[in-house]
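J.: I'd like to ask you about the structure that follows.
No value in this document is a laboratory result; all are computed from the given coordinates. Keep in mind it's a predicted model, so treat the numbers as computed, not measured. Methodologically, a virtual Cβ is constructed for each residue, glycine included, from the backbone with ideal geometry; neighbour enumeration extends over all protein chains shown.
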Number of protein chains: 2
Amino acid sequence: MKKFPQKTVTRTLLYVRTLDNLLEQGKKFVSSWELAEITDLTDVQIRKDISNFGRVGRPRLGYEIRKLKSILEEYVLQHTVHVVLFGVGNLGSAIIRYPGFHNEKIKMVAAFDVDKKKVGKKIRDVKIYSFDEATKVVPKTHAEIGIIAVPAEHSQETADIIVASGLRGIVNFTPTTINVPKDVFVKNIDLSIEFLSLFCDIQRT
Amino acid sequence: MKKFPQKTVTRTLLYVRTLDNLLEQGKKFVSSWELAEITDLTDVQIRKDISNFGRVGRPRLGYEIRKLKSILEEYVLQHTVHVVLFGVGNLGSAIIRYPGFHNEKIKMVAAFDVDKKKVGKKIRDVKIYSFDEATKVVPKTHAEIGIIAVPAEHSQETADIIVASGLRGIVNFTPTTINVPKDVFVKNIDLSIEFLSLFCDIQRT
DNA sequence: ATTTAATTGTGAAATTAATAACGATTGTGG
DNA sequence: CCACAATCGTTATTAATTTCACAATTAAAT
């Protein structure tokens with residue numbers, strides 16, 4: 001499988017999401033221009049991205065939505081992603097309950113917390129285990145990604161547990177940088193930085 | 001004020017965060033190489049970014065942390081950002097309680113929900129108002145940014161209210177694209193896309 | 001059947017971002 | 001005081017990404 005730039009992948013996932021919505025609206029075809037309007041990108045950008053995956057559009061008609069969607073998914077969404085959560089606090093619970101995950105594409109398969117009072121309980125069918133059980137439980141879940149939603153001061157030890165459990169992907173919601181082996185991929189989501197950088201955008205105009 | 005690429009701004013905010021931590025550890029100086037280790041960037045990248053803001057480093061010693069921090073903040077963090085929240089559900093409540101916001105840089109000043117049972121209550125000193133009150137209440141709060149944490153199907157109407165309230169920045173947590181005037185800045189945080197793109201990274205190796 | 005207009009797909013140009021190379025500076029140790 | 005080694009800052013180079021320009025295609029209209 002050819003590999004595409006990170007940015008292309010992100011945009012492609014956005015196209016898939018958009019195509020899903022258009023399908024629900026009963027549309028059959030969509031042009032690059034329409035997609036551009038919806039996604040706030042340019043039509044050329046969209047055609048170029050799509051051209052990575054083959055010649056799928058038809059002049060004068062645009063793209064057949066169902067077909068385009070299935071071709072894009074072939075590259076960026078082969079099968080369901082299984083996720084485990086570390087830290088069932090405010091943010092962690094919200095993530096478990098996040099409606100965007102209640103589809104066939106992402107499945108939360110287990111949660112872990114140090115608080116003994118939470119261990120054994122369930123949130124929305126997701127069972128909560130103790131941190132100590134992680135290296136035993138995680139492999140059984142076939143998870144691919146671990147979420148760090150613990151207090152910032154425990155992010156590194158949580159990352160270590162995630163790595164020890166055999167996961168190769170981490171989404172880190174704490175405002176810290178974690179150290180992991182170089183074959184483990186980390187995505188940092190620092191809400192403060194998101195807000196502050198948006199604020200900079202506003203002020204620069 | 002000169003304007004810098006979005007990416008430079010994001011990295012700079014990351015530097016500020018890192019410098020904060022180093023200060024807490026009692027460090028006085030830091031080299032570009034050390035910063036690179038921590039942030040997972042390259043030393044050249046860091047020196048280049050910093051050079052945008054002036055000559056502040058000293059050969060053989062590196063950067064004086066306190067000085068560097070204050071210079072960077074001058075460009076990316078002039079004053080506190082005030083934020084209002086729309087949608088006090090699971091995710092919204094978690095955002096209000098998010099510890100990363102309990103500092104002097106970001107301040108949540110009001111929340112809005114359609115649920116009359118929530119209106120009038122408070123979460124962590126943040127008062128919850130009804131949606132109808134937004135255009136009246138928001139201007140009084142001096143907020144700059146609005147958060148959309150409502151169910152996806154109401155994202156557009158919420159965006160319209162935010163725009164009508166005079167805000168020029170929106171952080172959109174719903175998996176939808178919203179339409180806003182072009183002088184309003186939007187940052188989309190689609191958790192599904194974050195997870196799926198990370199999954200692609202993993203599989204591509 | 002022919003023309004027309006809309007739309008895709010793509011190679012080239014332009015822009016933006018990252019990396020490398022290296023000179024300049026300055027603490028430090030002899 | 002001098003040589004050395006570490007580190008910054010900057011210019012040049014390379015790489016990645018986006019935009020442009022336009023040829024190719026084809027549904028629709030006549």
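J.: What would the Debye formula give as log10 I(q)/I(0) at q = 0.12, 0.24 Å⁻¹ for the alpha-carbon point model of the stretch A:1-96, no solvent?
T.: Calculated log10 I(q)/I(0) at the listed q: -0.45, -1.26.
J.: Continuing with the same structure: Which whole number gives the average count of other chain Cβ atoms within 10 Å of the Cβ atoms across peptide B:87-99?
T.: Mean partner shielding for this stretch: 5.
J.: As an exercise, use a Förster radius of 35 Å and the Cβ-Cβ distance of B:GLU153 and A:ILE71 to find the FRET efficiency, rounded to the nearest 0.05.
T.: 0.80
J.: Cα convex hull of the stretch A:38-147: how many Å³ per residue?
T.: Cα convex hull per residue, to the nearest whole number: 132 Å³.
J.: Can you give me the P(r) profile for the stretch B:98-205? Cα pairs, bins 10 angstrom wide beginning at 0, each as a whole percent.
T.: Percent of pairs per bin, in order: 13, 40, 33, 10, 4, 0.
J.: In chain A, what residue has the beta-carbon at the shortest distance from the axis of the rotation relating A to B, and what is that distance in angstrom, rounded to the whole number?
T.: It is A:ALA94, 2, counting Cβ atoms only.
J.: Determine ³J(HN,Hα), in whole Hz, for all residues of the stretch B:192-199 in sequence, where each value follows from phi through the Karplus function 6.51 cos²θ - 1.76 cosθ + 1.60 and θ = phi - 60°; x replaces Gly and Pro.
T.: 4, 5, 4, 5, 5, 6, 5, 4
J.: Output wanted: per-residue J couplings in Hz (rounded whole) for the stretch A:160-169, from phi through Karplus 6.51 cos²θ - 1.76 cosθ + 1.60, θ = phi - 60°, x for Gly and Pro.
T.: 4, 5, 4, 5, 4, 7, x, 7, 10, x
J.: Return the single residue from A:ALA149, A:ALA110, A:ALA36 with maximal mean-square fluctuation; model: Gaussian network over chain A, springs between Cα atoms under 10 Å.
T.: A:ALA36
J.: Which distances, in nm and shortest first, link the A:ARG66 label point to the same label point in every other copy, taking 7 Å along Cα→Cβ?
T.: Nearest to farthest, the other copies are at 6.8 nm.
J.: Got the B:GLY26 label distances to the other copies yet, label 7 Å along Cα→Cβ, in nm, shortest first?
T.: 7.1
J.: What does the C-alpha gyration tensor say about the overall shape of the protein assembly as shown? Classify as rounded when a/c is under 1.5, otherwise prolate if a/b is larger than b/c, or oblate.
T.: Rounded, since a/c falls under 1.5.
J.: Counting partner chain Cβ atoms within 10 Å of every residue's Cβ in A:143-153, what's the average? Before the final figure, lay out each step's value.
T.: Values: counts 0, 5, 6, 0, 2, 0, 1, 0, 1, 3, 0.
Counting other chains' Cβ atoms within 10 Å and averaging over A:143-153 gives 2.
J.: Follow-up question, since we're still on this one. Averaged over peptide A:185-193, how many Cβ atoms belonging to another chain are found within 10 Å of each residue's Cβ?
T.: Per residue, the number of nearby Cβ atoms from other chains is 6 on average.
J.: Ignoring solvent entirely, what values of log10 I(q)/I(0) come out of the Debye formula for chain B at 0.09, 0.15, 0.17 Å⁻¹ when each Cα is a single scatterer?
T.: Treating every Cα as an identical point scatterer, log10 I(q)/I(0) equals -0.45, -1.03, -1.15.
J.: Mean residue ellipticity at 222 nm from the helices of the protein assembly as shown, using -39,500 (n - 2.57) per DSSP H segment of n ≥ 4 over the full residue count, to the nearest 500 deg cm²/dmol? Intermediate values should be presented prior to the final figure.
T.: Values: 16 runs with 174 residues, N = 410.
About -13000 deg cm²/dmol.
J.: Here's a follow-up. Using the 7 Å Cα-to-Cβ label point, sort the distances from A:GLN6 to its equivalents in the other copies shortest first and give them in nm to one decimal.
T.: Those separations, rounded to one decimal, come out as 1.4 nm.
J.: Using the alpha-carbon atoms, what tilt in degrees (0 to 90, nearest 10) does helix A:65-76 show relative to the longest principal axis of chain A?
T.: 40
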